[in-house]
Structures are given as structure tokens and as C-alpha cells.
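Throughout, read-outs are computed from the coordinates displayed, never taken from laboratory work. Please read all numbers here as calculations on a predicted model, not as lab measurements. No Cβ is skipped: glycine too gets one built from the backbone with ideal geometry, and neighbour counts run over all protein chains shown.
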Amino acid sequence: MKSLSKLITIILSLAIAGFFISCKSNSDDEEFYSINIVAPVVDGELSVDKKTAKQGEEVTITATPREGYVLKTLSVKDSASNDITVTNLKFQMPASNVNISVEFAAKSSASYTITVSTCENGTVTAAKDSATAGQFISLNNKPDDGYELREYIIKDANGNTLQINKLFGLVYFTMPASDVTVSASFTDCYVKIAYGIKYGTITVNKTDPEEGDIITINIEPKTGATLKTITATTKEGTEVTVTLADDKKSGTCTMPKSIVTITATFDGSYIPGSIVLSDETIIPYEENLKLTEQQKADAVAIICYNGTDILGIGLNDSKLLKWTETEAFATNYGTNLTSPFNTDWKIPNKKELSAVLKAKDIIDTSRELCNHSKLEKEYYWSSTADESDSNKAYFITGDGLIDSKLKTDSCKAFVIRDFTPAP
């Protein structure tokens with residue numbers, strides 16, 4: 001009997017121990033959930049005292065607005081987007097990951113001073129002498145006789161330069177949560193680059209030269225474009241002589257005591273994407289180009305490569321052809337076109353075909369402008385036979401893959417033509 005009693009006692013002891021071990025194990029395996037801060041946090045800082053927490057654990061949030069701002073909203077949501085109650089920047093962790101977001105707002109009552117500095121050779125004015133953060137403050141200036149505004153300079157209380165904005169002739173800045181100082185510089189000797197230059201850019205080595213300084217002008221046409229004219233003119237209308245380098249990639253002029261505006265024109269007729277019409281007119285490619293219905297109907301080719309030669313691609317692809325049929329396709333391509341576009345079309349060789357397909361995106365844009373479909377991602381024959389196998393010729397896919405296949409196989413083809421202008 002005593003033995004049985006001992007056995008029961010041992011079993012009960014083990015069961016109780018197992019119960020506590022089981023409880024401890026469950027506690028140790030309790031799941032942790034992540035605490036995520038939703039970006040971006042603007043005009044302040046947001047942090048939490050832990051990155052993960054168990055269900056029921058208290059989490060503390062710290063939300064610090066930047067100077068001139070206040071906490072507007074604070075939101076804690078679980079993974080199902082349910083709101084979690086926040087009290088005194090603390091909440092109880094649910095059985096879910098949570099996302100914390102915050103919004104700071106400018107103090108509506110905070111007003112900051114706008115100080116306008118005295119300027120040499122002109123005056124500047126601001127629309128207000130004080131403003132709250134976020135307000136738009138417009139600026140005006142009046143140069144002295146013989147001078148012109150060089151630039152506005154707006155700085156906050158920490159010396160940071162603020163951005164100047166322009167809209168429909170209005171010049172303004174956005175008021176920060178800080179006092180600001182407004183000033184401007186005026187000059188009677190300054191170089192400006194004209195607005196609206198197409199198909200190329202020009203830059204100068206100095207914009208604030210002294211009278212008599214030599215100004216170097218850098219000239220950068222777009223690929224395929226060429227410089228037509230470049231001029232430098234004083235504000236009084238006097239032309240300043242520009243001496244061009246032999247390669248027309250740079251020029252120089254001597255700075256007079258005046259405001260000088262430099263402008264240039266470029267011929268963009270032969271930049272890739274330009275559209276050739278049947279009357280030999282070329283419409284230079286540019287973004288947002290629009291064609292009339294007549295121009296679309298008259299389009300015969302698209303400039304697609306500008307290197308040693310200027311090549312244009314015909315707008316009509318072939319159907320599937322054997323390699324031996326491509327020469328006839330090229331020969332007959334211009335049958336329904338007017339002179340000079342009724343002859344001299346050819347199938348591009350391997351090198352030319354590769355160069356053309358590298359410009360596929362811009363070619364496709366111009367083809368669609370002319371009511372033609374994009375180049376397909378098909379195999380396109382080149383005119384180049386495979387040197388290692390006389391039964392094969394090279395083709396290139398619309399994705400740029402180069403390979404060879406039997407001449408009796410079928411691929412599509414397109415034609416090109418030399419559009420290099422006569423010297």
C-alpha cells in the first residue's frame with residue numbers, strides 16, 4: 001500500500017512539474033510583432049522605444065516636431081488597418097504587426113520676420129514683412145540705370161539658402177518656420193544664355209566676368225545636329241564678335257562692359273527620329289512633336305543613324321522573306337515613291353542593322369507619329385552572309401540579338417537609305 005502511495009505521489013509530482021514546464025515553454029515561445037514607422041516623416045521626427053513587442057506589452061512613442069511646427073495627427077493601426085488606442089503617446093501592443101504614421105503642421109500663430117537688405121545698384125522688395133510658415137512671398141526688384149538683376153538671395157535664420165520659384169512671371173519663395181533675409185545682386189557686366197535653344201546647348205566658362213575678359217563658349221549639339229549660327233549681343237543691341245574654333249565645338253568673345261546675351265541655332269534635321277517627307281523636307285524630332293495628317297501621309301523615312309553616314313529607315317517592313325528574296329524587296333521598295341526616294345534603298349548590312357536597332361525606341365516613336373506600327377521584335381535579315389557557312393546569313397532581332405540562320409529560312413526585312421547631305 002505504501003508503495004502504491006509513493007507511486008501516486010511521484011506521478012502527481014511529475015504531472016505538476018510537467019504543467020509548469022509546459023506553461024513556461026508556452027511563455028517563452030510567445031510571438032513578437034513588429035512596429036513599423038510609415039515613411040516619409042516630414043517636418044519632425046518619429047521614434048518608438050522598441051522595434052518589436054509581445055501582445056499586451058506597452059509601447060512608447062516619441063514625436064518631435066521641428067521648430068515652428070506642432071503634432072497634428074498620430075495614428076497606430078494593426079495589420080487589418082484597425083485603429084489602436086493611443087494615450088499619452090503610449091499604446092498596448094495587439095496580436096498583430098502595427099504601422100505608426102504622423103503628421104506635423106506649421107503653427108498657425110507663429111509669424112516670422114522678413115528682412116530686406118540694402119542692395120548695391122538696385123533695390124528689392126518683398127510682398128510682406130512677416131509671414132507664417134508655408135506662405136508664398138513674392139519678390140520684386142528695381143535695378144539702377146545701366147544695371148540688371150543678377151540673382152535673388154534668400155536665407156533663413158541658420159544661413160540656409162532658400163529656393164527661388166518662378167511661375168508666369170511671378171518670382172516667389174515659400175516661407176520657412178524661421179526668420180529670413182532677402183537680398184539681391186545687380187550687375188552691369190554679365191553673360192546670359194538665351195532661352196529656347198533647340199537641338200543643342202551652349203555654356204560659358206564664366207557668367208560674372210570683368211570688362212575685357214575672354215569668354216569661352218562651349219557648344220554641344222545633340223547627336224546628329226549641327227551648329228548653324230551663334231551670336232552675342234549687348235543689352236544695347238550691339239553685336240559682340242564670336243570667334244569659332246575650326247570644329248565649331250567652342251568659341252570665344254571679349255567681354256564688353258554690358259549685359260551680354262548669347263544665343264545659338266542648331267540644325268536638327270539629321271538627329272535620330274527626324275522625319276523625312278516626300279518633298280525632301282525634314283521635320284526635326286523633338287518631344288511632343290505633332291504632325292498634320294498631310295505630313296503623316298507624306299512621310300517616307302525616319303533618320304535612324306548619324307555617324308560616318310546618315311541613314312534613314314523606310315517606313316514599310318517586308319512580309320516574311322527568304323534571304324535570297326531581300327535584294328528584290330529593296331530594289332522594288334521605291335516603286336511608288338517620287339524622286340529622289342524611288343531609288344537607292346538597300347537591306348542594311350550587319351553593322352548598319354545593329355546600329356539602326358539601337359535607336360529602336362526613338363524610331364518607334366516617330367513611326368507611330370506617322371501612323372505606322374512599331375518595329376516588331378522579329379528576326380530582321382541583314383545583307384551580310386555568314387563567313388563561316390555560305391548557306392547562312394546574319395539576322396538581328398528587335399532586341400539586338402545577332403545570329404545567323406539558313407538563307408532558306410524566313411525573316412522580316414526593312415530597307416535603309418543614305419541621307420548624307422551633299423557637301
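From the C-alpha gyration tensor of segment 190-267, pull out the three semi-axes of the equivalent ellipsoid (sqrt of 5λ each), sorted largest to smallest, in whole Å. Intermediate results must be reported in sequence, preceding the final value.
Details: eigenvalues 88, 31, 21 Å².
The three semi-axes for segment 190-267 are 21, 13, 10 Å.
Which number do you get for Rg(Cα) / (2.2 N^0.38 Å) in segment 319-381?
Details: Rg = 12.9 Å, N = 63, 2.2 N^0.38 = 10.6 Å.
Here the Cα radius of gyration is 1.21 times the empirical estimate.
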Q | Helix axis angle, 2-28 relative to the chain longest principal axis, alpha carbon, degrees | A | 40
**Q.** Computed [θ] at 222 nm, helices only, for the chain once each DSSP H run of length n ≥ 4 contributes -39500 (n - 2.57)
**A.** -4500 deg cm²/dmol
Q.
Going by average Cβ density within 10 Å per residue, which order do the peptides 354-361, 76-83, 308-315 take, highest to lowest?
A. 308-315, 354-361, 76-83
Q. Roughly what would the spin-label model give for I193 and D247, points 7 Å off Cα along C-beta, in nm?
A. 1.9
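Extension gain T201-Q92, at 0.36 nm per residue separation less the Cα-Cα distance, in nm?
Values: separation 109, 0.36 × 109 = 39.24 nm, distance 6.08 nm.
Length difference between fully extended and current span is 33.2 nm.
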Q. If you place +1 on the Cβ of every Lys and Arg and -1 on the Cβ of every Asp and Glu, how big does the dipole about the Cα centre of segment 32-106 come out, in debye to the nearest 20?
A. 140
(Q) What does DSSP give for the chain in terms of the percent of beta bridges that are antiparallel, rounded to the nearest 5? (A) 90
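Apply 1/(1 + (r/R0)^6) to the Cβ-Cβ distance of T132 and T73, taking R0 = 22 Å, and write down the FRET efficiency to the nearest 0.05. Write down the numbers at each step before the final one.
Numbers: r = 20 Å, r/R0 = 0.89.
Working from the Cβ atoms, E equals 0.65.
Tell me, what is the Rg over Rh of segment 355-397, with Rh the Kirkwood radius over Cα pairs?
Numbers: Rg = 13.5 Å, Rh = 11.9 Å.
Rg/Rh: 1.14.
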Q. Contour minus end-to-end for D49 and A328, with contour as 0.36 nm per residue of separation and end-to-end as the Cα-Cα distance?
A. 92.6 nm
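May I ask you to sort L369, L167 by Cβ crowding, counting other Cβ atoms within 10 Å and putting the fewest first?
Details: L369 19, L167 9.
Listing L369, L167 from fewest to most nearby Cβ atoms yields L167, L369.
Compute the signed sum of charges (Lys and Arg +1, Asp and Glu -1) over the other residues within less than 13 Å, Cβ to Cβ, of A95. Provide the component values of the computation, followed by the final result.
On the way: positive: K54; negative: E30, E31, E57, D78.
Local charge sum for A95: -3.
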**Q.** Rounded to the nearest 20 debye, dipole of segment 198-326 from Cβ charges on Lys, Arg, Asp, Glu
**A.** 240
Q | Shape parameters for segment 239-327, alpha-carbon atoms, Rg then Dmax in Å | A | 20.2, 70
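So between T64 and F32, what do we pick up on full extension, going 0.36 nm a residue minus the alpha carbon distance?
On the way: separation 32, 0.36 × 32 = 11.52 nm, distance 2.67 nm.
Gain on extension, T64 to F32, equals 8.8 nm.
Report, as a whole number in µm² per second, the diffusion coefficient that Stokes-Einstein gives for segment 109-166 at 4 °C and 1.567 mPa s using the Kirkwood radius over alpha carbon pairs. All intermediate terms of the calculation are to be shown ahead of the outcome.
On the way: Rh = 12.8 Å.
This corresponds to a translational diffusion coefficient of 101 µm²/s.
Note down the Stokes-Einstein diffusion coefficient of the chain in µm²/s, whole number, using a Kirkwood radius over alpha carbon pairs, 20 °C, and 1.002 mPa s. Please report the intermediate quantities before stating the final value.
Numbers: Rh = 29.8 Å.
The diffusion coefficient I find is 72 µm²/s.
Less than 13 Å Cβ to Cβ from L337, Lys/Arg counted +1 and Asp/Glu -1: what total charge do the surrounding residues give? Intermediate values should be presented prior to the final figure.
Working: positive: R417; negative: D279, E280, D298, D344.
Net of charged neighbours comes to -3.
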Q) Of K166/K290; K198/K257; K319/K346; K155/K192; K228/K358, which ones are farther than 20 Å apart at the Cα? A) K166/K290; K198/K257; K155/K192; K228/K358
Q: Assuming R0 = 35 Å, can you tell me the calculated FRET efficiency for the pair K377 and A157, based on Cβ-Cβ distance, to the nearest 0.05?
A: 0.05
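Local charge sum around N391 (other residues, Cβ-Cβ under 11 Å, Lys/Arg +1, Asp/Glu -1)? Don't jump to the answer; show the numbers that get you there.
On the way: positive: K392, K405, K407; negative: D386, D389, D409.
Net local charge, N391 excluded: 0.
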Q: Any aspartates and glutamates with Cα under 14 Å of the K142 Cα? List them, leaving off those in the same chain fewer than 8 positions away.
A: E120, E151, D188
Q | Two-decimal Rg/Rh across segment 32-106, once Rg and the Kirkwood Rh are taken from alpha-carbon atoms | A | 0.97
